Every structure is written in C-alpha cells, then in structure tokens.
Amino acid sequence: MALSAIDIYKKILPKTNCKECGYLTCMAFASMVVSEKLPLERCPHIPADAVAHYHPELLEQYQAGKWIKRDPAQDALVWAKERAASMNLADLPGRIGGQLINADDGLCLELPYFQDVLLIFSNGVRTKSGEELNRWEQVFIYNHLAQGGSEPPTGRWKALEEIPNTVSKVKSMREHVEIPLQTRFSGHLQDLRAAADNLGGREMTGQDKTAQVVYLFWPLPRIPVQLMFWDADPSEGFEAKASLLFDETITRHLDIESIIFLSEQLSRRLMGETDNSEAD
Ligand code: SF4
C-alpha cells in the first residue's frame, strides 16, 4: 500500500520538528518525501532499518507516479518523444532539411541548429558540439521531427498573435521572451547587434521595417525567426520593445507550445544564458 505524507509523519518520523533535515517541520519533510522523492535518510533520526524497510514501498509508489509532483518539462518531453517515435530517418531531409550521414554510431540526420548541428538518430538526438540540450529544447526538436511538414518558408511574416489559436500563449511570449529582451538590451543596441551576430543572425535593419534593429535567425532550416527591436526613448516616454516574427508556415513545423520554447531558447542565447541548466 502506498505511503501518504500523513503515513510517513505518523509511522516513521519522530515529530520533533528539529529542522535538521532543512525543513521547518516533520510534516513538511514528509510531503517532500512523497511528492519530490526526497530520500528518507535526509532525516538523521530515522533508524537505518526503518529506512530499508520502507524503501521498497516508496520506490513502488514513485514508479507508479503516485502523488509525485508533475514535472511539466518531463511530461512534455515524453509526449514529444512519443510523437516522434514513428519518424522515418530517410524522410527527414525532405521534410525538415539537413542531410543523412553515417556517423561513428550509425546513420543520422545532420541538421543545422543555431550555430551548432544536431545529430538525429532513430533513438535520440545530440549536438555535434557536445553541448547538452535542455529538456525544453528537446521538446521542440522532437515535436519538429514529428510534425515538420516539408513546406519551405514563404517569406510572409506573422507575429504570434496573428497565428490561429495562440491567444493563451501571447502572455508567455511577452513574459518569457520579449520583456527579458527589452530589459536586457534597452539602451544597448550595440550589445544586441553583437549578440545577434554571434548567434549567426543576419541584420535586416532598414529593409521595409520600422524597427531600429532587425535580425533574421535560422534556428532550424525550415524555421526562420525575425527579431525586431525598438529602443527606449525616455524623452518621448517610450519603453524599449522587442517582437518576434515567424514565417506563416511555422505551424506546419511546430506546435504552438514549441514555438514558445524555441523563442525562449533564442532569447536566452541572445542574452548570453549559455548555461543549459533547466529554465523551468
Ligand atoms: S530532521 Fe527529522 S525529526 Fe527533524 S524536522 Fe526533519 S524530519 Fe523531523
């Protein structure tokens, strides 16, 4: 039978609230054992034989997912991998670009990815540089593998809100992509240009656009993204503004959630957040 936080509190813990485990109360510790898989032995007052006794029961409920706090990145990744499970490597160059090569560990698709290259095997994805992909990156990459629909970009650009069914995601784009970019590069257009050049962006400023800085990026061969940036003008009371535009074909290649994840990745890279620890 599964152990609830109350069971752990009542049956196993000394209930002294001594805080030596780093939690304020024994009950708080018990909740973490159940929902976050915190090891029982983090409480130094539980005898070793009791830890050993309850370990199999806890393991069983963890494996069954009972009371475990949901991990949205992990859930999204499992879903994306399931979607991509039926992909055929041989179809990929026609659908999403890149080329098939024989790597040391088997046939794979070599696919340009920002300044790096993805090596896509039938059983997994890694970068050529060895840089680790965080889980959110993996989510949009696997979704692209599953969905990527061969249609090349048309050169007609749309803001996220112009793409159907994105209303609920516009706020995420503002909070996680545009506002951080505005905050970081307001009054620092040279820094923005340097970061964009470093990321392989092509400056398009002045080509039919009103923005002060316009860059075109190719995170993936079928997925161009345009960044438009207007600097703050304190004398007029204007704050800086950043906006991303996507080719009208983007939803043939990514689901809406993945468009946000890819945009966050672009934004993080521009801001020099190269550490690929999870950005949950
Ligand atoms: S160390 Fe053990 S006894 Fe002390 S508060 Fe934490 S769970 Fe309770």
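General observations
- So residue 258, is it under 22 Å from residue 95 (Cα atoms), surrounded by 18 or more Cβ atoms within 10 Å (Cβ to Cβ), among the polar types (S, T, N, Q) and not assigned by TED's automatic domain parsing to the domain that holds residue 92: yes
- Scoring residue 165 on the criteria (1) modelled with pLDDT under 95; (2) polar (S, T, N, Q); (3) over 19 Å from residue 140 (Cβ atoms) leaves a single failure, condition (3).
- Filter pass, residue 16 being modelled with pLDDT under 90, of a type outside the set (Lys, Arg) and within 13 Å of the ligand (Cβ to nearest atom): no
- Subset of region 184-214 (residues that are of a type in the set (Val, Ile, Thr) and at pLDDT below 95): 205, 210
- Within region 91-105, being surrounded by fewer than 14 Cβ atoms within 10 Å (Cβ to Cβ) and in contact with a Ser or Thr (Cβ under 7 Å, 6 or more places away or on another chain) holds for one residue alone: 94.
- Test: residue 235 is assigned to a helix (DSSP H, G or I), at pLDDT below 95 and in the same structural domain as residue 172 (by TED's automatic domain parsing): yes
- Restricting attention to region 23-57, the residues that are over 30 Å from the mean Cα position of the chain (by Cα) and among the hydrophobic types (A, V, I, L, M, F, W, C) total 11.
- Per-region count, region 3-13, residues surrounded by fewer than 13 Cβ atoms within 10 Å (Cβ to Cβ) and near the ligand (Cβ under 8 Å from one of its atoms): 0
- Within region 221-246, the set of residues being surrounded by 21 or more Cβ atoms within 10 Å (Cβ to Cβ) and either touching a Pro at 6+ places or on another chain (Cβ under 7 Å) or among the basic types (Lys, Arg) (or both) comprises 222, 225.
- For residue 54, the criteria (1) at pLDDT below 90; (2) of a type in the set (Phe, Trp, Tyr); (3) within 16 Å of the ligand (Cβ to nearest atom) hold in every case but one, which is (1).
The values are calculated or read from the model by the stated rules, or taken from the named source; none is laboratory data. Computed from a predicted structure; not experimentally measured. Backbone-built Cβ (ideal geometry, glycine too); neighbour counts: all protein chains shown.
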